[in-house]
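A short write-up of the structure that comes next.
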Amino acid sequence: MANQKTSVTHKVLTVVGTILCVILIPILIINITLITKSYVNKDEVPSIAGKLPLIVLTDSMYPEIKSGDLIICNTAEADEIKVDDVISFYDPMGSGTSVVTHRVLEIVQEDGTIKFRTKGDYNNTEDKMLVPAENFVGVYKTRIAGAGNVAMFMQTTTGLIVCVVLPIVLLVLNLMSPLWNEQVGIALNAALVI
């Protein structure tokens, strides 16, 4: 009976460990790729295959996009953008590092360059400054509700332990358990012979 319990427990742990690895290993690879790209190209938003994952921190685009969502933008050329597209861009009023996602209200030709008049759907007023084409990052395509909160959690110490260290420990223990069970069986048999 104890052997059956151990076998069932082992099978359950194997399934749980496999599921965690299947889910978390691709996420870990994507994160490592994005982190590496952000260090190599400090002036660009890191992307994978033309897709830009961005974490939304405010409700300026509510109800379409909410704080805590992970949005995916596609890379594009500024001249491909149309009125009513939702775009991500470096905030022209910011330090040059914060990315904003707002809707295009108007496309303005000024001094031979393209500029965008933008506004967050939930905001009362348009953005104060026009967005120059060189600040354009990408065009919004989809969102994963709440995934931005998960990504933010994974960047904390607790998140790193829960989402990276713990699954690796479980995987190692799972891989070692057949060897462990074999060694315990040999020891028990030796004890019974004596």
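Which number in (1) in contact with a Leu (Cβ under 9 Å, 6 or more places away or on another chain); (2) at pLDDT 75 or above; (3) surrounded by 15 or more Cβ atoms within 10 Å (Cβ to Cβ) marks the one condition that Tyr90 misses?
With (1) in contact with a Leu (Cβ under 9 Å, 6 or more places away or on another chain); (2) at pLDDT 75 or above; (3) surrounded by 15 or more Cβ atoms within 10 Å (Cβ to Cβ) applied to Tyr90, the lone miss is (1).
Tell me which residues, restricted to region 35-58, are open to solvent by less than 70 Å² (accessible area, probe 1.4 Å) and out of contact with any strand residue (DSSP E or B) (no Cβ under 7 Å at 6 or more places or on another chain).
Ser38, Asn41, Pro46, Ser47, Ile48
Which one of these does Asp127 not meet: (1) over 23 Å from the mean Cα position of the chain (by Cα); (2) not in a loop (DSSP other than H, G, I, E, B)?
Failing condition for Asp127: (2).
Can you find, within region 114-129, the residue that is modelled with the highest pLDDT among those that are open to solvent by 50 Å² or more (accessible area, probe 1.4 Å) and within 20 Å of Asp79 (Cα to Cα)?
Within region 114-129, the subset open to solvent by 50 Å² or more (accessible area, probe 1.4 Å) is 117, 121-126, 128-129.
With the extra rule that they be within 20 Å of Asp79 (Cα to Cα), the set shrinks to 117, 129.
Values: Arg117: 97, Met129: 94.
Residue satisfying both the conditions and the ranking: Arg117.
Please work out if Cys73 is at pLDDT below 85 and surrounded by 15 or more Cβ atoms within 10 Å (Cβ to Cβ).
Considered against the rule, which asks whether it is at pLDDT below 85 and surrounded by 15 or more Cβ atoms within 10 Å (Cβ to Cβ), Cys73 comes out as no.
Only residues that are open to solvent by less than 30 Å² (accessible area, probe 1.4 Å) and under 29 Å from Gln109 (Cβ atoms): list them for region 59-70, please.
Within region 59-70, Ser60, Met61, Ile65 meet the criteria.
Just to verify a result, which residue in region 93-113, among those that are in contact with an Asp or Glu (Cβ under 7 Å, 6 or more places away or on another chain) and free of Cβ contacts under 8 Å to residues at least 40 places away in the same chain, is most open to solvent (accessible area, probe 1.4 Å)?
Of everything passing the filter in region 93-113, Leu105 is most open to solvent (accessible area, probe 1.4 Å).
The values are calculated or read from the model by the stated rules, or taken from the named source; none is laboratory data. Computed from a predicted model, the values in this text were never measured in an experiment. No Cβ is skipped: glycine too gets one built from the backbone with ideal geometry, and neighbour counts run over all protein chains shown. Each accessible area value is taken on the protein alone, full model and side chains, heavy atoms only, with ligands, DNA and RNA left out. Shrake-Rupley method; radii C 1.70, N 1.55, O 1.52, S 1.80 Å.
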